[in-house]
Each structure stands twice: as C-alpha cells, then as structure tokens.
1. Taking chain B as the reference, fit the longest principal axis to its C-alpha atoms, fit the long axis of helix B:73-94 to the helix C-alpha atoms, and give the angle between the two in degrees, 0 to 90, nearest 10.
2. For residue B:254, list long-range residues whose amide hydrogen, built 1.01 Å from N in the peptide plane, is under 5 Å from its own amide hydrogen.
3. Report ³J(HN,Hα) in whole Hz for each residue of segment B:169-181, in order, from the Karplus equation J = 6.51 cos²θ - 1.76 cosθ + 1.60 where θ = phi - 60°; Gly and Pro get x.
4. Compute the convex hull volume of the Cα atoms of the protein assembly as shown, divide it by the residue count, and report the result per residue in Å³ as a whole number.
5. Non-local amide H neighbours of residue B:52 (under 5 Å, H modeled in plane, Pro and chain starts lacking H): which ones?
6. Within segment A:207-266, which GluC sites (Glu not before Pro) sit in a loop by DSSP and count at most 13 neighbouring Cβ atoms inside 10 Å?
7. Going Cα to Cα from residue A:161, which lysines come in below 25 Å? Please leave out same-chain ones fewer than 8 positions away.
8. How many Å² of accessible area per residue for segment B:1-160, probe 1.4 Å?
Amino acid sequence: MDHFPTNWGRPRNDAFDAYATYPIHQRPYNGPKDTFADGVQRTQQPIVTGTSVLAIKYKDGVMMAADNLASYGSLARFKDVQRLHQVGNYTVIGAGGDMSDFQYIQYILEELSIDEISAQDGHELGPIEIHEYMSQLMYARRSKMNPLWNSLLIGGFKDGKRFLSYVDLLGTTYSASTLATGYGAFIAQPLLRKAVEGREDVITEEEARKILEDSMRVLFYRDARSMNKFQIATISSAGVSISDSMQLETAWSFAENIRGYGAQTQ
Amino acid sequence: MIMPDMDSLAHPQERRFNPYTENGGTILAIAGADFSVIAGDTRQSEGYSIQTRYAPKVFRLTDRAVLAVNGFAADGNMFVKKVKQRLEWYHHAHAKDMPLRAIARLIQTMLYARRFFPYYVYNILGGIEEDGTGAVYSFDPVGSYEREACRAAGAAQSLVQPFLDNQIYFKNQEAAQGTSHPSHLPLETVLSIVIDSFTSATERHIEVGDGLEIFIALSKGRTLQGMESIRGLQELTVTEDGERLFVMRRDLKKD
C-alpha cells in the first residue's frame, strides 16, 4: 500500500502532470535516505490545502468568501473547514494554501490579540496593523527559507475606513478593490473587476453578496479543488459577521449535451 | 501563483522553495542642470496576472531625494523601509537631511551587505546634490552604482534606455552645422520624454501600464517656469532653502 496520497489515482508515468494538479503535483521521495542529512523539516510544499479566497470592497465595507474544503492532494479530505477567521473586532483573515500553516497563523494571532488586550492601553488592532504584522511575519519566514505556505487576504473596517489587502508566502503585498487568491486569481478576479472597479461606493450589501456568490459558482464549476459549500464574511461599521456555511444553486443539465470528448459514443 | 507549463513538468526535478519572484513594471530617472525627474508606473504583476493597478514604486526619501525601486516587490518595500529608517536615524543624530551622494553610498553598502542573499531590486536614486545640480544614481541589486544623467530600469528597460540614449545623450545624432548638442535639457522637454517613454512602453510591454507617477525635484530658487498648470501636478514640500518637490500623476492604458 502506498501511503502517500499525492501518488493516488494517478497515471503510472506521472512525471508528466497531465491533469495539472499543481500546486501538489510533486511526489514525495519514498526511497532510502540519510536520517541525519536534514534534521529539521521545512515546508517545501503544501500538504492539506485550501483553494481560492475572494474579497471585494462595497458601499459599507468589505465582503469576503471562501469554501469549506481542505484538500489532500486531489482527495477532498476535510469538508467542514473554516478558512475565514476573525481577528480582533475589525478584521477577517482568509487563507488559501497549507491549512496547518494557517492554523499556526491563527494561533500566533490569538497570542498577539491576548497580549494587546492585556495591555489595556486603549489601543485595538485594526486590519492595517494585522496586515502589517502578517506581511512582516511572512517576509521574515521566506527570508529564513522556511515559509508559511499561504496566500492571505486581510479585510477589515475601522474608524470609518475600509481595508483590503493581500500577503503571500514570499511576503509580497498589495491592495485593490477586488482581490482573489489561488485559482480565483485567474477565474474570479476578471469577473470581480468587471463588477466592482469604479463602483466601490455604490454596491449594496445584497449586490456584493450576489457578485461573490456568482464568482464562487463559476469557481465551483471550473476549479477541481473547490467545493459547493462556502461562507461569506462581511466587515462594516456594524462589525464582523461570518455566515454559516451555504450551498449554491448549480445546474448540470447542460452536461449531457456536451459532445466531442468523454464517454458518449455519438 | 504561476501556471506551470507542461515542459517544465516533463521531467522529474528536485524542487526547492524559490524566495524570489518578479513583479514587473518600469522606472526611469533623468537629471537636468537644476532639477531631477524620477518616474515609475504603478502596475504590479506576477506572470500574466495583474495583482494591482496601484502599487507605488517611487518614494520620497527627503525633501531633495527620491528613490525608485523595481524588481521583487516584497524586497523593494523592505529595502525602502530600511533606507527610510537609516535616514531617520541620521536626522536624529545630525539634525539635517542626509545629502544625496551620501544616500547613494548608504544604499550601496546596504545592498552589498546582502551580497549572498541579495535584495532582488534595481534602484534608481534621483534628487538635488548639495551644489544644487540635479542628479541620478543607478544601482544593480548588489550595490554597484554610478552617477548618470539618465537611466531606465525594469521590465521595459530594453525599450526605454535606447530611446533615452538617443534623446538625452543624442547618440547617433549629428548636430546641425555650426551648433552642438545641449548638455542638459529643459524640464518641459524632459517631462515630455518621460511621458512618451511610458506611453510607448505601455503599448509594447504587457507588464507596464495602469498609472504613472512622476516626482520632480527642483533646485533652490528655480521655478517651474510656466509648467505650473500642467495637468495632474501637485506640490509636496518646500525646504527652508527653497528646494521644491512635486509629484505628477497620470493614467496609463489599463489593458
């Protein structure tokens, strides 16, 4: 029995990644190895992974979406994972990439929040501070060649101002009125830009929700590592709220009309 | 995230974490007799994806020094942050801004200190020297530097630098009989060259576009000479000596 899931369900010659399973196309080396060659293991590839996170600015604040799947290679391993996480009273952090690294980040931020609350100095961490902290942490870890293998979206609302920004395993940061990580950057980002750019101060909460739901639906149709169960976070002057998990309406009746490839004979 | 191409997956490979990426964009600086112009586009990209349409690459360091950074954005931001920190310490110690040529040497030492894990960043420093002349210093990622009259760096360097060689240094141009090429161009001409450089680079290079940010540092006593009403111009600071710093923001094509 081969215990390494990245080897499962693959053609025998899979040096060629015919199914484009990137970013988890690498097979582990199962042969003999020198026990002491590297005493310390570092993250060289993500193992249990989350896919895209989407976020947009709208009239009252910021809205984010992520599905509940954590994949183990191509196996849909954990189907009730929260990838949107509240930090303090003003911020939500959404993660794609390695889920164990994300849980470590949650732990670090929890420690940080406790320290800040304990200080009782009248200061509270907002999204700007959390993003700066995360970008310094991610850049420091990449500089030690020991990265936290995530792309993070940090959204928030504090002192009447919206905030939305990105940071990844290299420490690269940027902000824009629409952001998407992972496959969402290829598939959902163009849709989000078309719907949002230049209309950030007009879009209502209902419209923002519809924009994100439509994009999540497209991702579910096209991203093989996604799932039809997701959550939406809204951050506005009313504070942070992360929804319960939702299902999307999808239609598959068109599938039987597809011709030209697959199993059908005519 | 970069889409893998099938060629690179065709053979099994030893893969290591790569701590660098390339974030596109182009920067450019031109020195005049008593001014300096430092410009950069505002697009940040990775592969074929535009990450954002506005991520500044040009930063005000002091009232007479401006630094443009291009290459790996995370390294660039960290480097600018550290340079600003060193300049603040200098200010606390000496109660004055660090002179431009000293900033240039500081940047060289800071870059070379990381010779064996370099900041993957091309730097161009522009501003006004202590003698009032406009200056441009350009650096490679490990700190080699020189003072020049003009320099382009980044994704469209190979498009822009030859244009500058022709228009600023008059390379391959014969002066008309009985005349000679000017050694310094007027501000108005320089600004036109900068704007044309970026609109052209935007047309021919996919990593250039979205927005243009041009910083203009003027020597003491020098005015804008009729350029006051140019579109998108905004004054940032005036020093006690009368050196002035402006920024000009323009749109570039977003496709």
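The values are calculated or read from the model by the stated rules, or taken from the named source; none is laboratory data. In this text the structure is predicted, and so the values were computed from the model without any measurement. Using ideal geometry, Cβ is built from the backbone for each residue, glycine included, and neighbour counts are taken over all protein chains shown. In case anyone asks, the SASA skips ligands and DNA or RNA and just uses the protein heavy atoms, side chains included. Shrake-Rupley method; radii C 1.70, N 1.55, O 1.52, S 1.80 Å.
1. Around 40 degrees separate the two axes.
2. B:210
3. Taking θ as phi minus 60°, the curve returns 8, 6, 5, 6, 10, 9, 5, 4, 3, x, 10, 9, 5 Hz for segment B:169-181.
4. Numbers: hull volume 113.3 nm³, N = 521.
Taking only Cα atoms, the protein assembly as shown has a hull volume of 217 Å³ per residue.
5. Counting only residues 5 or more places away or on other chains, the set is B:44.
6. Values: sites: A:207, A:213, A:249, A:256; in loops: A:249.
Listed in order of number, the matching sites are A:249.
7. Output for residue A:161: A:57, A:59, A:194, A:210, B:57, B:81.
8. Values: 6830 Å² over 160 residues.
Heavy-atom SASA per residue in segment B:1-160 reads 43 Å².
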